[in-house]
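The values are calculated or read from the model by the stated rules, or taken from the named source; none is laboratory data. Computed from a predicted structure; not experimentally measured. Here the Cβ is made from the backbone with ideal geometry for all residues, glycine too, and neighbour counts use every protein chain on show.
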Amino acid sequence: MMAKYIGRRLLQSLFVLWLVATLAFGALQLTPGDPAQALLAASGATSEEIARQRAELGLDDPLLRQYARFLGELVQGDLGRSWLHGRPVSRMIAEQLAPTAELAGVATAVGIAVGIGLGVLAAIRRRTWVDAAATAVAVVGISVPTYWSGLLAILVFALHLRWFPATGSGSLRHLVLPALVLGFALSGSIARIVRTRSVEVLDAQFILAARARGLPAHRVLFVHVLRAALGPAITVSALQLGFLLGGAVITESVFARSGLGQLAVEAILWQDVPVVRGVVLFSAVAFMLVNLLADLLQAWVDPRIREAL
Amino acid sequence: MIEWTARARRPLLRQPVTALALAWLVLLVLETLVLPPLLPTDPRFADPAQVLLPPAAGHVLGTDALGRDVLSRLVWGGRWTLGMAMAALVVTFVLGLPVGLAAGSLGGRVDALTMRVVDALLAFPALLLAMVVVAILGTGLLPVAVAVGITAAPAHARMVRSVALEIRSRPYIDAARSVGCPPLRIALRHILPNAAPVLIAFATTQLGWILINGAALNFLGLGAPLGTPEWGAMLAEGRGYLRDGPWISVFPGLALTLTVLAAHLVGNGIEEALKRD
């Protein structure tokens, strides 16, 4: 059963991956401008040189052959070369990956911790002011643009209190503010699902039974409620990876951190389409892999999902 | 635990928070339509003698680094930001509604095919997908609106489809089909009107999303040209003066956040008002 499920999920992912790649190929075709010219523009190349470059890049080939070559290169992890720098896009992404992954990872941890905290708190104090306040914080978390909360965080914690550096990257102290800002934005949607799930669990018969047996409240909370809330929290944060990567772009810009975001923004300003496309393709693949992993993890952890397959 | 107050379905205006949020949105729309031309100060008028003034009587929200009045820029900014969001929402509807409606009311192969494409589009991180569109179209306020609108369309199509699918299973659709009503007429005259309230709720929620992401692209400098009083762009302009003029970025951010919040709350409120008991 499990093997069949994994097989089906993998096939599905492969199909979506192919569609994603095709869309990305189409995006480049739609772009005005000549890649060969763009590549050689800086060096002031003659029209013969540009023509030679066109032939070398295979831009004169029929569309279908270009498409086949694009897919072939993609499978080998070749994302083409930057029009601006002439360097392989995959290498440029690899160089900028670490700081973004670091930010995204810590922000996810913050988001899950805050989200579960708010959600469980709201659930156990249901229909009180605590519930209302926790829900309000969650809604604000969803609504606040990170480029504003980031500026506010810099204003308060960097400029006035001087606890953390305002901008830059490198040390752990540089990571605190961006991770908190991005994590808080993430926590809203996690809190919402955790509250719903916790309310369900608290109403369940087995909790009543556990209480009747005299299980202390904190054991009910930690053993039953938190365990039940963790699964949905992980699923939601996996689904939010797309949001997280977009948010990372903005957060990196606000805090002047290096990373994939800076790479993408600079590439758009210069209309360096291969780089933009590469970053987006890379994030789409990461998004799909993480969600595949989350689904499999969920099926593995939760016997009911496994049975239902 | 005993549920002593089941949350009943409530009409929109009986929900205090929702009513407040709706009032904010309505006021904002009116403000952007009426107020900007009536302002005494030009949002682009730079007075070198009045640079970085804190909020005071003459300039209620202070002045920015070029000596421009923040309040009048904020008021004009509402027009740019909301205008961009509305344009984006139109793009979302034009792309998402027909696709979702076709998939949901026809079902079968059309549904399977379109939803796979929608899945593929949803696999792209939304903001980054919007950035690709901007990279293709070039920077500017209109490209940003189109990009954000395109990016929001897949989710919209998926929502329309699921609502249409649910309505399609209702008896009156069977009745219409059995008397020979053609599929297009069923979709437009029977499914769409019944789906409208839910879709309005979803569109309101999406408006919040569009506002955040559209202004984000402007913040990143990919949209409104330099100096345009747009909230995201104003935030970007103010970031360099956090120490000397925090009001330059704090107020547009506050206005944007309140508007996004209001959109979310109204969306939730409509949903609650539509809930079946």
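Would you pick out the residues in region A:135-162 that are farther than 23 Å from B:Ile248 by Cα and without any contact (Cβ under 8 Å) to a residue 12 or more places away in the chain?
Keep residues of region A:135-162 that are farther than 23 Å from B:Ile248 by Cα, which gives A:135-139, A:142.
Passing the criteria: only A:Ala136.
From B:Ala215, B:Ala262, grab the single residue that is at the interface with chain A (Cβ under 9 Å from one of its Cβ atoms), under 25 Å from B:Met131 (Cα atoms) and under 12 Å from the mean Cα position of the chain (by Cα).
Values: B:Ala262 fails: under 25 Å from B:Met131 (Cα atoms).
Of the residues listed, the single one that is at the interface with chain A (Cβ under 9 Å from one of its Cβ atoms), under 25 Å from B:Met131 (Cα atoms) and under 12 Å from the mean Cα position of the chain (by Cα) is B:Ala215.
Taking into account only those residues within region A:250-285 that are under 28 Å from A:Ala153 (Cα atoms), within 9 Å of another protein chain (Cβ to nearest Cβ) and more than 18 Å from the chain's Cα centre (by Cα), which is modelled with the highest pLDDT?
By that ranking, first place goes to A:Ala267.
Return the residues of region A:55-94 that are under 26 Å from the mean Cα position of the chain (by Cα), of a type in the set (A, V, I, L, M) and exposed (fewer than 15 other Cβ atoms within 10 Å of the Cβ); say none if nothing qualifies.
Across region A:55-94, the qualifying residues are A:Leu71, A:Val75, A:Ala94.
Among the candidates A:Leu230, A:Leu239, single out the residue that is within 22 Å of A:Arg197 (Cα to Cα), more than 14 Å from every other protein chain (Cβ to nearest Cβ) and either surrounded by 19 or more Cβ atoms within 10 Å (Cβ to Cβ) or not basic (Lys, Arg) (or both).
Details: A:Leu239 fails: more than 14 Å from every other protein chain (Cβ to nearest Cβ).
The conditions single out A:Leu230.
Across region B:41-69, what is the total count of residues that are in contact with a helix residue (DSSP H, G or I) (Cβ under 8 Å, 6 or more places away or on another chain) and assigned to a loop (DSSP other than H, G, I, E, B)? Give the derivation first.
Within region B:41-69, the first condition is being in contact with a helix residue (DSSP H, G or I) (Cβ under 8 Å, 6 or more places away or on another chain), and the residues that meet it are B:41-43, B:52, B:54-55, B:59-65.
Pick out the ones that are also assigned to a loop (DSSP other than H, G, I, E, B) and you get B:41-43, B:52, B:54-55, B:59-62, B:64-65.
Summing the residues that are in contact with a helix residue (DSSP H, G or I) (Cβ under 8 Å, 6 or more places away or on another chain) and assigned to a loop (DSSP other than H, G, I, E, B) in region B:41-69 gives 12.
With respect to the numbered conditions (1) within 13 Å of chain B (Cβ to nearest Cβ); (2) in a helix (DSSP H, G or I); (3) under 23 Å from A:Val249 (Cα atoms), which one is the sole condition not fulfilled by A:Ala179?
It is condition (1) that A:Ala179 fails.
Looking at (1) free of Cβ contacts under 8 Å to residues at least 60 places away in the same chain; (2) touching a Leu at 6+ places or on another chain (Cβ under 7 Å), which is the only condition A:Ala179 fails?
(1)
Quick one: A:Leu289 ticks every box in (1) closer than 21 Å to A:Ala24 by Cα; (2) facing chain B (nearest Cβ under 10 Å); (3) of a type in the set (A, V, I, L, M, F, W, C) bar one, so which box is it?
Every listed condition holds for A:Leu289 apart from (2).
Return the total of residues in region A:275-302 being small (Gly, Ala, Ser) and crowded, with 20+ Cβ neighbours inside 10 Å. Walk me through it before giving the result.
Step one: of region A:275-302, the residues small (Gly, Ala, Ser) are A:278, A:283-284, A:286, A:294, A:299.
Narrowing the set further to residues that are crowded, with 20+ Cβ neighbours inside 10 Å leaves A:278, A:283-284, A:299.
Counting residues in region A:275-302 that are small (Gly, Ala, Ser) and crowded, with 20+ Cβ neighbours inside 10 Å gives 4.
Between a residue in region B:129-154 that is away from chain A (no Cβ under 11 Å) and buried (at least 24 other Cβ atoms within 10 Å of the Cβ) and any residue that is assigned to a helix (DSSP H, G or I) and of a type in the set (Phe, Trp, Tyr), which pairs come within a Cβ distance under 9 Å, given they are 6 or more apart or on different chains?
Close Cβ pairs (under 9 Å, with a partner that is assigned to a helix (DSSP H, G or I) and of a type in the set (Phe, Trp, Tyr)) amount to B:Val148/B:Trp209; B:Gly149/B:Phe93; B:Ala152/B:Trp209.
With respect to B:Gly269, determine if the residue is surrounded by fewer than 19 Cβ atoms within 10 Å (Cβ to Cβ) and at pLDDT below 90.
Numbers: surrounded by fewer than 19 Cβ atoms within 10 Å (Cβ to Cβ): no; at pLDDT below 90: yes.
No: the conditions fail for B:Gly269.
From the list B:Val70, B:Val99, B:Val118, B:Val75, which residue is among the β-branched types (Val, Ile, Thr), closer than 30 Å to A:Leu260 by Cβ and buried (at least 21 other Cβ atoms within 10 Å of the Cβ)? Lay out the reasoning, then the answer.
On the way: B:Val70 fails: closer than 30 Å to A:Leu260 by Cβ; B:Val99 fails: closer than 30 Å to A:Leu260 by Cβ; B:Val75 fails: closer than 30 Å to A:Leu260 by Cβ.
Of the residues listed, the single one that is among the β-branched types (Val, Ile, Thr), closer than 30 Å to A:Leu260 by Cβ and buried (at least 21 other Cβ atoms within 10 Å of the Cβ) is B:Val118.
Go through region B:98-128 and count every residue that is at the interface with chain A (Cβ under 7 Å from one of its Cβ atoms) and among the basic types (Lys, Arg).
1
Could you check region A:1-73 for helices (runs of 4 or more DSSP H) lying wholly inside it with 2 or more residues that are within 30 Å of B:Pro125 (Cβ to Cβ) and out of contact with any Asp or Glu (no Cβ under 8 Å at 6 or more places or on another chain)?
On the way: elements: A:2-30, A:35-40, A:47-57.
Per the criteria, A:2-30, A:35-40.
When you check B:Thr32 against the structure, is it modelled with pLDDT of 80 or more, assigned to a helix (DSSP H, G or I) and closer than 30 Å to B:Ile186 by Cβ, yes or no?
On the way: modelled with pLDDT of 80 or more: yes; assigned to a helix (DSSP H, G or I): yes; closer than 30 Å to B:Ile186 by Cβ: no.
No; evaluated as a whole, the condition is false for this residue.
Quick one: count up the residues across region A:260-275 that are over 17 Å from A:Phe243 (Cα atoms) and assigned to a helix (DSSP H, G or I).
Filtering region A:260-275 for residues over 17 Å from A:Phe243 (Cα atoms) gives A:263, A:266-275.
Imposing the further condition that a residue be assigned to a helix (DSSP H, G or I) reduces the set to A:263, A:266-269, A:273-275.
Within region A:260-275, residues that are over 17 Å from A:Phe243 (Cα atoms) and assigned to a helix (DSSP H, G or I) number 8.
Output the residues belonging to region A:126-176 that are outside any helix (DSSP H, G or I), over 20 Å from the mean Cα position of the chain (by Cα), at negative phi and more than 9 Å from chain B (Cβ to nearest Cβ).
Of region A:126-176, the ones outside any helix (DSSP H, G or I) are A:126-128, A:144-145, A:161-171.
Going one step further and asking which of them are over 20 Å from the mean Cα position of the chain (by Cα), we end up with A:126-128, A:161-168, A:170-171.
If we keep only those that are at negative phi as well, we get A:126, A:128, A:161, A:163-167, A:171.
Listed by number, the residues that qualify are A:Thr128, A:Leu161, A:Trp163, A:Phe164, A:Pro165, A:Thr167, A:Ser171.
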